[in-house]
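Written below as structure tokens is the structure these notes are about.
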Amino acid sequence: MLAPLRIAVLASGRGSNFAALLAARDRDELPVEFVLVASDKADAGALQLAQMAGIPTAVMDPRDYAERRDYDFALFDRIAATKPDLLVLAGFMRIIDGDALKPWVGRMINIHPSLLPKYRGLHTHRRALKAGDAEHGASVHYVTAELDGGPVIAQTVLPIQAGDNENALAERLLPLEHQLLCAVVALIAAGRLSFGASDISLDGEPLRKPLRWLDGTLIR
Ligand code: GRF
């Protein structure tokens, strides 16, 4: 049996994605150990959840650092000290310096609420609605120096309904995001996914397009 995957989570906000990972672990569906939950915001919901679950936490305030870059290097030093196998950005609302994240490329994933490469950055629901898209969704991707631009591992697709607004769309998408993130972390924990120089492999075979979350399973 593989040793549990050591995960560090970075989150700035309410922490529902982290909560979903924690719940999956508690149901014995994810063989993972959370070694750290780190945040740039002292009031992040994810920190509270971690504390209640007995998981180490770290708050690092960007205002304590002269330069953005100094913050990022300090943050990653703190994370590295916990020796994680995987870093999960679960609603971490900062752009990370490319040099600081370089050592983690292939070991860091992000959940983003759009069908990448569409709508990198913020306000994805609003932008999908404004464009009149028929479908919206979420993506889990490896993090590289390009914002929301790393190779996409898997996506979940959600039809946009007549009369949808930003909130309704966000609300319907969120549970799918949670499922998608847990499913991708499960693949990584099982040692089935890897990211080389620029290619993702699943079970040793190159992944030519993102996996799709459909009916409770990831399909090629
Ligand atoms: C999610 O929509 C995620 O896709 C985005 O930020 C949001 C975080 O939500 N990156 P939560 O803090 O996990 O509840």
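The values are calculated or read from the model by the stated rules, or taken from the named source; none is laboratory data. Quick caveat: nothing in here was measured; it's all calculated off a predicted structure. Because the Cβ atoms are built from the backbone with ideal geometry, glycine has one as well, and the counts that use them run over all protein chains shown. Remember, those area values only see protein heavy atoms, side chains included, never the ligands or the DNA or RNA. Shrake-Rupley method; radii C 1.70, N 1.55, O 1.52, S 1.80 Å.
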Quiz item: When the Karplus curve 6.51 cos²θ - 1.76 cosθ + 1.60 is applied with θ = phi - 60°, which whole-Hz ³J(HN,Hα) does each residue of the stretch 137-150 get, with x for Gly and Pro?
Solution: x, 9, 10, 10, 9, 5, 8, 10, 5, 7, 4, 6, x, x
Quiz item: Near the amide H of Val32, under 5 Å away, which other amide H atoms are found, from residues 5 or more places off or on another chain, if H is placed in the peptide plane?
Solution: Leu5
Quiz prompt | Farthest toward positive dipole pole in the stretch 1-124 [+1 Lys/Arg, -1 Asp/Glu at C-beta], among Pro117, Leu86, Gly106 | solution = Pro117
Exercise. Starting from the stretch 1-86, pick out the GluC sites (Glu not before Pro) whose DSSP state is loop and whose Cβ has at most 10 other Cβ atoms within 10 Å.
Key: Glu67
Quiz item: Using the alpha-carbon centroid of each, what span in Å lies between the stretch 50-128 and the stretch 197-220?
Solution: 23 Å
Quiz item: In the chain, what percent of the accessible surface is made up of carbon and sulfur (1.4 Å probe, ligands and nucleic acids excluded)?
Solution: 52 percent
Quiz item: Computed over the Cα atoms of the chain, what is the convex hull's projected area averaged over all directions, in nm²?
Solution: 12.3 nm²
Exercise. Let me know the charge dipole size of the chain about its Cα centre in debye, to the nearest 20, where only the beta-carbon of Lys, Arg (+1) and Asp, Glu (-1) is charged.
Key: 260 debye
Quiz item: With +1 on each Lys and Arg Cβ and -1 on each Asp and Glu Cβ, how big is the dipole of the stretch 1-48 about its Cα centre, in debye rounded to the nearest 20?
Solution: 60 debye
Quiz item: Of all chymotrypsin sites (Phe, Trp or Tyr not before Pro) in the stretch 46-145, which ones are in loop regions per DSSP and have a Cβ with at most 16 other Cβ atoms within 10 Å?
Solution: Tyr65
Practice problem: Given the options Asn110, Asn165, Asn17, state which has the largest fluctuation in a GNM of the chain using a 10 Å cut-off (strictly under) for Cα springs. | Solution: Asn165
Practice problem: Any aspartates and glutamates with Cα under 17 Å of the Lys118 Cα? List them, leaving off those in the same chain fewer than 8 positions away. | Solution: Asp133, Glu135, Glu146, Asp148, Glu166, Glu177
Self-check item: Mean Cβ count within 10 Å, highest first, over the residues of peptides 96-102, 34-40
Solution: 34-40, 96-102
Exercise. Might you tell me the accessible area per residue for the stretch 5-219, computed with a 1.4 Å probe and given in Å²?
Key: 48 Å²
Self-check item: Among Ala46, Ala186, Ala162, residue whose mean-square fluctuation peaks in a GNM of the chain (springs only between Cα atoms under 10 Å)
Solution: Ala162
